[in-house]
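Asks: Take a look at the following structure, please.
Derivation of every value follows stated rules applied to the coordinates shown; laboratory data play no part. Here the structure is a predicted model, which means the values were calculated and not measured. Heads up, the Cβs are rebuilt from the backbone with ideal geometry, glycines too, and the neighbour counts pull from every protein chain shown.
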Ligand SMILES: Nc1ncnc2c1ncn2[C@@H]1O[C@H](COP(=O)(O)OP(=O)(O)OP(=O)(O)O)[C@@H](O)[C@H]1O
């Protein structure tokens, strides 16, 4: 005999992964919606009148985000001007199909959609980049370019904020990854619900406390139109082991995800570690947010355009690999086609070589989100 819903006289239809409560579908919907509203209001994520870009990939998280942002905006009179912002990375058999989903959602939710592609912004699609560099570091390119492409789209569309579908599982994974890597400066930052607050276009995560399993259940029971295929390059991403570990922890102890986040929120990070985070500045070339004179996107693009594709990928040694292959720093770059570029490359390599390891790691990572490890995580 099935149990009664813990909140109403209806029969329970599911057990909530986050709390183990037995609920009927309607009570589950309402719980999840109220929790996301609570996150938004208690963290003051939005102000009335703001124009908000909902970063929409067509996947489960951002589809539920588009649905809930529309619903909560109406239900609680947030007064937001919402639109969907999609980045077409140019991955055949993956993003082209998921963008079709976003286009249908544009109709469903009645909010406009803006699509920007890597090809139009950078002159390269991800498929072309992978053809050039292989599958080893492609997630770095994808993550760096996507991060900036979202900023570019937001600025073009005069948005005040970008909302992404990063969920509690994503944040728990990032906490673990930063611990495993001993990256204390980023550990202090990865739990923030708002990032980039110092720049013109802050990013917010309304799903910071929402479990991935519950997002999937919500999408499934609400019969939302979302795209569920993994990126064709995902098996090559280095984040997988942390993801599996979080899933194992959750299976043994469902509260593990929230416990990890709450623990990380209560840590006090030493001033010394915080000081290792470079101050944000504008890239001298493109003007977008950067931690150094040139942003990571401009450095990666220079590498691609000049035949030194691993320039700026990963940490200190990667640049040296290229330099070794080509016979050395500025001379190699000049040989690859540009005195100016040679100077920039040399500058970058010298900066990396001069920096102590932790500072170099922080500098390399600061303007790329978590993309040195994986594409799109917080
Ligand atoms: N191509 C894209 N265009 C716009 N936003 C994106 C794109 N890719 C990722 N995002 C944003 O970044 C968030 C995290 O992306 P990630 O690739 O980790 O996907 P995910 O966890 O599978 O999310 P989703 O289910 O929404 O694809 C997404 O929820 C979305 O808000």
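Asks: Once the principal axes of the Cα atoms of the stretch 35-172 are found, what is the range along each, listed largest first in whole angstroms?
Replies: 49, 33, 24
Asks: What order do you get for 179-188, 240-249, 162-171 when each peptide is scored by the mean count of other beta carbon atoms within 10 Å, highest first?
Replies: Sorting 179-188, 240-249, 162-171 by mean packing, highest first, produces 162-171, 179-188, 240-249.
Asks: If the viscosity is 1.306 mPa s and the temperature 10 °C, what Stokes-Einstein diffusion coefficient in µm²/s follows for the stretch 212-291 when Rh is the Kirkwood radius over Cα pairs?
Replies: 93
Asks: Hey, what's the per residue convex hull volume over the C-alpha atoms of the stretch 188-243, in cubic angstrom?
Replies: Given the Cα convex hull of the stretch 188-243, per-residue volume reads 157 Å³.
Asks: Return one quarter of the surface area of the convex hull spanned by the alpha-carbon atoms of the stretch 260-316, equal to its mean projected area, in nm².
Replies: About 5.8 nm², averaged over all directions.
Asks: Using the Kirkwood radius built from alpha carbon pairs, what does the Stokes-Einstein equation give as D for the stretch 111-152 at 20 °C and 1.002 mPa s, in µm² per second?
Replies: 195
Asks: Can you give me the P(r) profile for the stretch 1-101? Cα pairs, bins 10 angstrom wide beginning at 0, each as a whole percent.
Replies: So the P(r) values, bin by bin, are 14, 34, 28, 21, 4, 0.
Asks: Which distance in Å, rounded to a whole number, links the C-alpha centroids of the stretch 82-128 and the stretch 172-227?
Replies: 21
Asks: Assuming a ≥ b ≥ c are the square roots of the Cα gyration tensor eigenvalues, decide whether the stretch 43-271 counts as rounded (a/c under 1.5), prolate (otherwise, with a/b larger than b/c) or oblate.
Replies: Taking the square roots of the gyration eigenvalues as a ≥ b ≥ c, the stretch 43-271 is rounded.
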